[in-house]
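Q: To start, I am sharing the structure in question, which I have written as structure tokens.
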Amino acid sequence: MKKILVTGSSGTIGTELCIQLSYEGYEVHGLDRKLPQTEQNGLEKFTQLDLLEREKLGALSGDFDLVIHLAANARVHNLVVNPDLALENAITTHTVFEFVRKNKIPRILFASSREVYGNQDTLPIEEGRASQRFSQSPYSSSKIFGESYCYAYKTVYDIDAKLLRYSNVYGRWDISDRFVPKLIRSLRDNAPFIIYGEEKSMSFTYIDDCVSGTIQLVRSWDTLPMEVNVASETKDRLVDVAELAKRMMGSSSEITIGENLPGEVWNYQANIDVLKKTGWGPKFTTEEGLKLSIDWYLKNA
Ligand SMILES: NC(=O)c1ccc[n+]([C@@H]2O[C@H](COP(=O)([O-])OP(=O)(O)OC[C@H]3O[C@@H](n4cnc5c(N)ncnc54)[C@H](O)[C@@H]3O)[C@@H](O)[C@H]2O)c1
């Protein structure tokens, strides 16, 4: 496996993934509707294209060993407010699977999410426990759509499809209003910060662990099942993460608690034994990842 197309290459995960894949010797072609975030992006080639304009994809050479499909509207709350964005995810996913089929590309890796597990009482959660019954939001449904395409295209067209489920990835390149970037910006400015859901707890995953896990999946492709969790193993309350960051930054921000927002999963811890059997493991504790993230945001964002 040498030549890889990464959709969503200008996003948080895509940016670091393309850099690291190129260090590892892969030939990486990026595709995104936005320009790359950095010039040192590891890309052999870049195509700026909105996947909703399906007809334009025909101009792209289909000579790839693998497509990693990251491109998506990736903020849960935005899709609650505007479910049309979930439909866009389904359309772009269909477009990418069709690109793979028509060009006889042998493999596709679909970026899914822990959202497909919903809220479950027994933690940590292993791969077999996802179900459409747990869908809490249009975002989650758009991921379930993509996951079902992995099975459908494998069955009907014999495409070697896999899916990985990320969880709360944070760290450099994320300039969005997700929890960690927003928290650090607020703490830096000593501004008030609201946490939606007092007990909300997640497996936060530092960007380098997310990317090393993704590359490990690519390297160990033939030995792994179709569904793989890539995350940290721990579970942190958002409240505790916020208090820790506040102490680290010496901020005087007031942290308050609001109601959990509709559509948001509030209880998750990943079981990552499947990927760990290949010799991979996350390297960063939440404290270490937060420290590195704070340093990056104070310098760059
Ligand atoms: N970051 C996380 O915590 C997390 C957790 C679970 C799953 N995921 C999934 O992993 C993937 C990558 O996440 P991310 O954090 O890098 O997201 P991101 O929002 O930072 O990046 C997504 C990229 O996709 C691009 N994109 C979206 N729609 C497009 C379209 N129609 N055509 C072309 N480009 C398009 C955007 O421009 C953006 O650069 C997404 O599929 C996301 O749903 C992320």
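Values quoted throughout were computed directly from the atomic coordinates according to the rules given, and no laboratory measurement underlies them. This one's a predicted model, so the numbers in the text were calculated from it and none came from an experiment. Cβ: placed from backbone, ideal geometry, glycine included. Neighbour counts: every protein chain shown.
Q: Rg and Dmax of segment 253-301, Cα atoms, in Å?
A: That works out to 16.2, 43 Å for Rg and Dmax.
Q: Students often check this: by mean Cβ neighbours within 10 Å, which of 25-33, 173-181, 65-73 ranks highest, and how do the rest follow? The partial results should precede the final answer.
A: Working: 25-33: 20.0, 173-181: 18.2, 65-73: 24.0.
With the highest mean Cβ count within 10 Å placed first, the list reads 65-73, 25-33, 173-181.
Q: Across 10 Å bins from the origin, how do the percents of Cα pairs in segment 58-100 run, short distances first?
A: 26, 44, 22, 8
Q: While we're on this one: Taking the mean number of other Cβ atoms within 10 Å as a proxy for protection, how do you rank 221-232, 197-208 from highest to lowest?
A: Details: 221-232: 18.5, 197-208: 20.8.
Going from most to least packed, we get 197-208, 221-232.
Q: What is the helix-to-structure angle for 207-219, meaning the angle in degrees between its Cα long axis and the longest Cα principal axis of the chain, kept from 0 to 90 and rounded to the nearest 10?
A: Roughly 20 degrees, rounded to the nearest 10.
Q: Ok, one more. For segment 126-146 and segment 243-261, what is the separation of their Cα centres, given in Å?
A: Between the Cα centres of segment 126-146 and segment 243-261 lies a distance of 30 Å.
Q: If N is the number of residues in segment 91-237, what value comes out of its Cα radius of gyration divided by 2.2 N^0.38 Å? Write out the running numbers ahead of the final one.
A: Numbers: Rg = 17.0 Å, N = 147, 2.2 N^0.38 = 14.7 Å.
In units of the 2.2 N^0.38 Å rule of thumb, it is 1.16.
Q: Based on the Kirkwood radius over alpha-carbon pairs, what is the Stokes-Einstein translational diffusion coefficient of segment 70-150 at 20 °C with 1.002 mPa s viscosity, in µm²/s? Present the calculation step by step, with values, prior to reporting the outcome.
A: Numbers: Rh = 13.4 Å.
For these conditions, the coefficient is 160 µm²/s.
Q: What angle, in degrees between 0 and 90 and rounded to the nearest 10, separates the Cα long axis of helix 238-249 from the longest principal axis of the Cα atoms of the chain?
A: 70 degrees
Q: Something else now. For the pair I91/N300, report the inter-label distance in nm, with labels modelled 7 Å from Cα in the Cβ direction.
A: Between I91 and N300, the label points sit 3.2 nm apart.
Q: How compact is the chain by the rule of thumb for globular proteins, expressed as Cα Rg over 2.2 N^0.38 Å? Numbers along the way, then the final one.
A: Details: Rg = 18.6 Å, N = 301, 2.2 N^0.38 = 19.2 Å.
Ratio of Rg to 2.2 N^0.38 Å for the chain: 0.97.
Q: If you don't mind, another one. Quickly work out the E27-to-K104 label distance, labels modelled 7 Å from Cα along the C-beta direction, and quote it in nm with one decimal.
A: 1.8 nm
Q: Segment 151-240: Rg/Rh from Cα coordinates, Kirkwood Rh?
A: Values: Rg = 17.1 Å, Rh = 15.4 Å.
For segment 151-240, the value is 1.11.
Q: Nearest 10 degrees, 0 to 90: what angle lies between the long axis of helix 179-188 and the longest principal axis of the chain (Cα atoms)?
A: 40 degrees
Q: Here's another thing I want to ask about it. I need the semi-axes of the equivalent ellipsoid of segment 1-138: take the C-alpha gyration tensor, multiply each eigenvalue by 5, square-root it, list largest first in whole angstrom. Intermediate results must be reported in sequence, preceding the final value.
A: Values: eigenvalues 144, 62, 48 Å².
Here the semi-axes work out to 27, 18, 16 Å.
Q: How large is log10 I(q)/I(0) at q = 0.12, 0.14, 0.20 Å⁻¹ when the Debye formula is applied to the Cα atoms of segment 196-273, each weighted equally and without solvent?
A: One equal scatterer on each Cα of segment 196-273 leads to -0.48, -0.62, -0.95.
Q: A further question follows. With the convex hull built on the Cα atoms of segment 34-90, state its orientation-averaged projected area in nm². Working shown, then result.
A: Details: hull surface 20.8 nm².
Computed as one quarter of the Cα hull surface, the answer is 5.2 nm².
Q: Which peptide among 160-167, 80-87, 242-249 comes first, and what is the full order, when sorted by highest mean count of other Cβ atoms within 10 Å? Intermediate results must be reported in sequence, preceding the final value.
A: On the way: 160-167: 22.5, 80-87: 15.2, 242-249: 17.1.
Taking the mean over residues of other Cβ atoms within 10 Å, the ranking is 160-167, 242-249, 80-87.
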